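The values are calculated or read from the model by the stated rules, or taken from the named source; none is laboratory data. Everything numeric here is computed off the predicted structure, so don't read it as measured data. In this analysis, Cβ positions are derived from the backbone assuming ideal geometry, glycine residues included, and neighbour counts consider all displayed protein chains.
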Amino acid sequence: SGYWVVVPAAGVGKRMGADRPKQYLPLLGRPLLSLTLSNILTWPGLSGIVVALSADDDHFSHLAEAKHPQVHRVTGGAERADSVLAALDFLGTREPQDTPVLVHDAARPCVALEDISALLDEAVSPVALLAQPASDTVKQSAIEQGCPVVEKTLDRNHIWLAQTPQRAPLGLLHSCLRRALEQHAAITDEASALELFGHAPQLVPGQRDNIKVTHPSDIVLAETILRLRYA
Ligand code: CTP
Ligand code: MG
């Protein structure tokens, strides 16, 4: 009756430009992935975690959470969606098709328990994601004479920025993601794979502080968010 969490953690962190993949950079003195996993391990009703790692990962085994009985590892792939698919292949042979799966980026250590409760207990649909209503005005661009120009301004009241976790039943998510990858569709999150096959994931308002650590300045921001929360 529990749910599983899939954690894609096989990226290289190109935009971070550090000496190692960003999921292993220290945050408040602990590797980022360690913070994300220990956060997930506090979520009520958790059955287990599947972490997708790069084939040449030599950091993970040093994390305290690597030996936790609820933490399982698989080898990820070239794109985030390939990494998630590898984790779903692992779960697909072990768990019933209707098992709820939450996919959560390794790079989002700051997600709050209230957001998890909203996604697990308050969402009406079993297919749902955390998202943040846009606060900036969003422009869609076109290219004219080699330069980006505004093609149109999108109605901000209908714009949401996708976060994670994103949830769906195991069987549905597995088949949509597999079929999307077979079609070489541009899939940057789980919701986009589900949308491709006619599903309309529910948008669950999440907090602004569930940032994805992407650029160097995000490290300081994430440390500040965590320090304020646990102070
Ligand atoms: N990820 C993954 N497998 C990949 C690429 C990304 O598991 N082939 C994971 C990352 O480790 C991260 C999450 O997906 O936890 C979100 O991706 P992103 O923030 O883009 O991380 P990176 O791809 O590592 O960063 P960049 O795009 O800057 O290289
Ligand atoms: Mg990436």
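Here are some notes:
- Pairs are defined by a Cβ separation below 7 Å, a sequence spacing of at least 6 or placement on different chains, a first member in the stretch 60-79 that is part of a helix (DSSP H, G or I), and a second member that is more than 16 Å from ligand 2 (Cβ to nearest atom) and basic (Lys, Arg); the pairs so defined are Phe60/Arg73.
- Residues within the stretch 37-56 that are within 16 Å of ligand 2 (Cβ to nearest atom) and either buried (at least 23 other Cβ atoms within 10 Å of the Cβ) or acidic (Asp, Glu) (or both), tallied: 2
- Of the residues making up the stretch 175-224, those that are β-branched (Val, Ile, Thr), buried (at least 18 other Cβ atoms within 10 Å of the Cβ) and away from ligand 1 (no atom under 16 Å from the Cβ) number 1.
- Pair list, Cβ under 9 Å, 6 or more apart: the stretch 15-42 residue over 21 Å from Tyr230 (Cα atoms) and among the charged types (D, E, K, R), other residue part of a loop (DSSP other than H, G, I, E, B) and at pLDDT below 95: none
- Selection status of Val204, more than 20 Å from the chain's Cα centre (by Cα), of a type in the set (A, V, I, L, M) and within 19 Å of Leu102 (Cα to Cα): no
- Take the conditions (1) at pLDDT 95 or above; (2) out of contact with any Ser or Thr (no Cβ under 7 Å at 6 or more places or on another chain); (3) of a type in the set (Gly, Ala, Ser); (4) within 23 Å of Glu195 (Cα to Cα); Ser61 misses just one of them, which is (4).
Residue-by-condition table, conditions (1) hydroxyl-bearing (Ser, Thr, Tyr); (2) within 16 Å of ligand 2 (Cβ to nearest atom); (3) free of Cβ contacts under 8 Å to residues at least 24 places away in the same chain; (4) under 15 Å from His72 (Cβ atoms):
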position	(1), (2), (3), (4)
Val84	no, yes, no, yes
Phe90	no, no, no, yes
Pro96	no, no, no, no
Pro100	no, no, no, no
Val103	no, yes, no, yes
Ala107	no, yes, no, no
Val111	no, no, no, no
Asp115	no, no, no, no
Asp121	no, no, yes, no
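- Residues of the stretch 72-125 classified as of a type in the set (Val, Ile, Thr) and under 23 Å from His215 (Cα atoms), total: 3
- Answer residue from the stretch 64-98, given it is of a type in the set (Ser, Thr, Tyr) and under 18 Å from the mean Cα position of the chain (by Cα) and is nearest to ligand 1 (Cβ to nearest atom) among those: Ser83
- When Thr188, Thr164 are checked against the criterion of being in contact (Cβ under 8 Å) with a residue 40 or more places away in the chain, part of a strand (DSSP E or B) and closer than 22 Å to Lys22 by Cα, a single residue qualifies: Thr164.
- Yes/no for Ala142 being part of a strand (DSSP E or B) and among the small types (Gly, Ala, Ser): yes
- The stretch 191-231, subset in a helix (DSSP H, G or I) and touching a helix residue (DSSP H, G or I) at 6+ places or on another chain (Cβ under 6 Å), residue nearest to Arg80 (Cα to Cα): Ala193
- Hits in the stretch 99-123 - residues which are among the charged types (D, E, K, R) and within 9 Å of ligand 1 (Cβ to nearest atom): Asp105, Arg108
- Identity of the residue in the stretch 1-26, of a type in the set (A, V, I, L, M, F, W, C) and surrounded by 23 or more Cβ atoms within 10 Å (Cβ to Cβ), that ends up farthest from ligand 1 (Cβ to nearest atom): Trp4
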